[in-house]
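**Student:** Questions regarding the structure given below will be posed in turn.
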């Protein structure tokens, strides 16, 4: 995600739908902070765009150019944690070889690094598995705080979560919601199924 990317936040229709399923959403508590941190990362706000007055009293608009200091710090953390020297290893060498081939094939590390960058900047990030039916490949999608909706949580962490993204279906923008819910025995289930 680029520095000046168009903002996408969980829309009201999705919030209402999740509420109708019985979930209390923590977005009202966290979103103002996430929005503030997002503006810091993108170098937006009164510090960067303001009005000033010259010596004869004329008011003019000022846009302060920036090297995006908050984003630079986040990118540095991403490159420290995940870079070309990052290795993923298992006790079984065959498993390590499979993971290395999968990560190379899917471009996971580049995407993972961007997830870490956004998580450091916005306070939350997540990866979620999905299956690309066309290629029959397991993929990992990245989500940042703007797209992550905790549904069930306690002091140990988040147990159930919704991921909300903008998708395009036949040229039309739609909101895509992916629910990760626990069923009996830890199995996932759809909210339309009876529990």
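**Student:** How long, wide and thick is the stretch 137-186, going by the Cα atoms along their three principal axes, in whole angstroms, largest first?
**Tutor:** Result for the stretch 137-186: principal-axis Cα extents of 41, 25, 17 Å.
**Student:** Let me ask something else. How far is helix 108-122 tilted off the main Cα axis of the chain, in degrees rounded to 10, range 0 to 90?
**Tutor:** On a 0 to 90 degree scale, this one is about 50.
**Student:** For a protection proxy built on the mean count of beta-carbon atoms within 10 angstrom, sort 19-29, 48-58 highest first, please.
**Tutor:** Values: 19-29: 12.3, 48-58: 8.8.
Answer by packing, highest mean first, reads 19-29, 48-58.
**Student:** Tell me the mean residue ellipticity at 222 nm calculated for the chain from its helices only (DSSP H runs of n ≥ 4, each -39500 (n - 2.57), averaged over every residue, nearest 500).
**Tutor:** Mean residue ellipticity, 222 nm, calculated: -11000 deg cm²/dmol.
**Student:** Can you give me the relative contact order of the stretch 45-142 as a percent, contacts being Cα pairs under 8 Å and 6 or more apart?
**Tutor:** Dividing the mean separation by the residue count of the stretch 45-142 yields 20 percent.
**Student:** A follow-up question, please. Sort 125-137, 68-80 by packing, meaning the average of other beta carbons within 10 Å per residue, with the highest value first.
**Tutor:** Sorting 125-137, 68-80 by mean packing, highest first, produces 68-80, 125-137.
**Student:** Apply the Debye scattering formula to the chain, with a single equal point scatterer on each alpha-carbon and no solvent, then give log10 I(q)/I(0) at q = 0.10, 0.19 Å⁻¹.
**Tutor:** Log-scaled intensity ratios, in q order: -0.56, -1.46.
**Student:** Quick one: the Cα spread of the stretch 52-114 along its three principal axes, in angstroms, biggest first?
**Tutor:** 75, 19, 11
**Student:** Taking a temperature of 20 °C and a viscosity of 1.002 mPa s, what whole-number D in µm²/s does Stokes-Einstein yield for the stretch 1-107 with Rh from Kirkwood over alpha carbon pairs?
**Tutor:** 114 µm²/s
**Student:** Using r as the Cβ-Cβ distance of residue 86 and residue 52, and R0 as 35 Å, what FRET efficiency do you calculate, to the nearest 0.05?
**Tutor:** Given R0 = 35 Å and the Cβ-Cβ separation, E is 0.15.
**Student:** In addition: Length gain on complete extension for the stretch residue 62 to residue 173, per 0.36 nm per residue less the alpha carbon to alpha carbon distance?
**Tutor:** 36.5 nm is the gain from fully extending residue 62 to residue 173.
**Student:** For helix 27-41, what angle does its Cα long axis make with the longest principal axis of the chain, in degrees from 0 to 90 and rounded to 10?
**Tutor:** That works out to roughly 60 degrees.
**Student:** Please check: in the Gaussian network model of the chain (C-alpha springs, under 10 Å), which one of 177, 14, 59 has the largest mean-square fluctuation.
**Tutor:** Maximum fluctuation in the GNM of the chain, among the listed residues, is at 59.
**Student:** Moving on. Mind checking the full-extension length gain between residue 77 and residue 153? Use 0.36 nm per residue of separation minus the Cα-Cα distance, one decimal, nm.
**Tutor:** 24.7 nm
Since every read-out is calculated from the coordinates, none of them should be taken as a lab result. What you see is a predicted model; the values in this text were computed from it and never measured. Because the Cβ atoms are built from the backbone with ideal geometry, glycine has one as well, and the counts that use them run over all protein chains shown.
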